[in-house]
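Encoded as structure tokens, the structure appears first; notes follow it.
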Amino acid sequence: MSSVTGGSAIALLAAALLAGTSAPAIAQSAAPAPAEDTDQSATIADLQRQIDELKAVVSALQAAQSAPVAAPVSVTVQAATPSGSPVPVVTTMPAMANAAPAQAAPQVAVATAPKSKAWYEKLRLRGYTQMRFNQIVSGDANAPAGVSRLRTIGDSDVRGAGNFSFRRMRLVLQGDLSKHVSVYFQPDFAAAVSNQSVGERREGTVSLRDMYADVYPTGDKSFRIRLGQSKVPFGWENLQSSSNRLALDRTDAINSAASGERDLGVVAYYTPPRVQKIWDRLAADGQKLFGSYGAFGFGVFNGQGLNRTETDNDVMLVGLATWPFELDGLGFEGQVFEVGGSIMRNTIRPEVRTGGVSTIGYKDNRVGIHAILYPQPFGIQGEWNWGTGPEFDPATGRIEERPLRGGYVQAMAKIDESPIGPFYPFARWQYYRGGFKAAVNAPRLETEELELGFEFQLDPALEITATYGWASRKEADERRFGQAEGQILRVQAQWNY
């Protein structure tokens, strides 16, 4: 009976009752002999009783249909037989035949805490490689002894016999070790080692560039303390990654403050959230920023230079401040103008021609300013610095403390739509007069150069940069004199991974 609906069950039950009661009544009404009044009264009373019982059964079935009971309902009625004896009739009905289906019991999902990742699972690997072609088109590619040749301090493969070379081959391993500590490790596989026993230069060697830990004391990454070997926060372009810079090399005036851009020490950076928000917007727009450095930075370093042993008890103190201003209120929608400055106080012992380092420590103090109008689509960038540093004096044959000055101005554009992809044309003029403390005997540099170039991105993984320059330079060698002049063609392919 489980497949019978509630209405069908009621009909079947009524038929069963009528089958047991109507037969005697009909027989009595059809009997030829008239029944006595007392018998008729009893029959009527019995019929009325059965009708009342039937009504009760119907009411019980209706109540059972609406009640949330899963068990079947058994209903028993007594039907009268022709002899007048009551016979029980049992009907079993599913109580929920027409009721709404019962709701399944809710299943409660028990959430298990995710397993925390091991520190090595939080690290990621990336990097880039730069392959260059340098060609001195005209000018002083070679010169006799004592006369300056056309050379640059940014790329030792700018020379008379140079062609293809690897300028950088970097791998970066970085990641968060915990909520309060992250790590950054960057070697370079395209370094060169000089001063070999037979005098031949060796290339393709490994050199440590960065190895530091960032500590976030409050857990807020707007403030960090950087421990280890990292970039010295002097000069905007010194902090900007070579993988992100338009020009192939940094300028002599700014890079001479920290050749190699790095030293061993401790530096603290702070970036207000409103400044970080502006930089994040510029980065999303494809602008070339200066990296994960703060709006304010202050560092204490050895002061001797990249991968060089400390030679005195003095330390180098460096500070930097930079601030971007949104120019929307002046009617320049989306434009950002950034301005700031740097300061350095140091004592250094340069390497000397006779071997080792100088027995005298020389003042190495500078102050610089910078300004950038980000290209949207046109922009301009410039830096200048002044100071005092070691410089070789040919007249006395000794290193002395001398004044220095210089900087650069760069105009640039950012074209997002072109047949060859994003396109960045630029023009840069640089100037410097002063010593170069990273070279033997701290020779004097006299640099003036105009460079035109462009960068285009065929693919996010591949960038091509080409430049053509007109240069007037004094070679970074105190034994050579005069100015070398000439024109230089340079092409670089950079692939990012």
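The values are calculated or read from the model by the stated rules, or taken from the named source; none is laboratory data. If you're wondering where the values come from, they're calculated on a predicted model, not measured in any experiment. For neighbour counting, all protein chains shown are included, and Cβ atoms are generated from backbone atoms with ideal geometry for every residue, glycine included.
In the range 411-437, which residue that is at pLDDT below 95 and among the small types (G, A, S) is surrounded by the most Cβ atoms within 10 Å (Cβ to Cβ)? Among those that are at pLDDT below 95 and among the small types (G, A, S), it is G421. There is at least one residue in the range 170-180 that is under 19 Å from G154 (Cβ atoms), surrounded by 11 or more Cβ atoms within 10 Å (Cβ to Cβ) and modelled with pLDDT of 95 or more. Reported count of residues in the range 395-430, each being of a type in the set (D, E, K, R) and in contact with a Pro (Cβ under 7 Å, 6 or more places away or on another chain), is 3. Per the listing Y408, Y362, the residue uniquely surrounded by 17 or more Cβ atoms within 10 Å (Cβ to Cβ), within 24 Å of D263 (Cβ to Cβ) and more than 35 Å from the chain's Cα centre (by Cα) is Y362. Against the test of being crowded, with 17+ Cβ neighbours inside 10 Å, under 19 Å from the mean Cα position of the chain (by Cα) and in the same structural domain as F223 (by TED's automatic domain parsing), the options V158, V183 yield a single qualifying residue, V183. For the range 340-359: of the residues being surrounded by 19 or more Cβ atoms within 10 Å (Cβ to Cβ) and of a type in the set (A, V, I, L, M), which is farthest from E400 (Cα to Cα)? For the range 340-359, the residue satisfying everything is M344. Identify all residues within the range 473-497 that are more than 42 Å from the chain's Cα centre (by Cα) and acidic (D, E); write none if there are none. Passing the criteria: D477, E478, E485. If you filter the range 313-338 down to residues that are of a type in the set (D, E, K, R) and either part of a strand (DSSP E or B) or surrounded by 14 or more Cβ atoms within 10 Å (Cβ to Cβ) (or both), you find that the one that is modelled with the lowest pLDDT is D314.
Looking only at residues in the range 86-141 that are assigned to a strand (DSSP E or B) and at pLDDT below 90, the one that is nearest to V491 (Cα to Cα) is M93.
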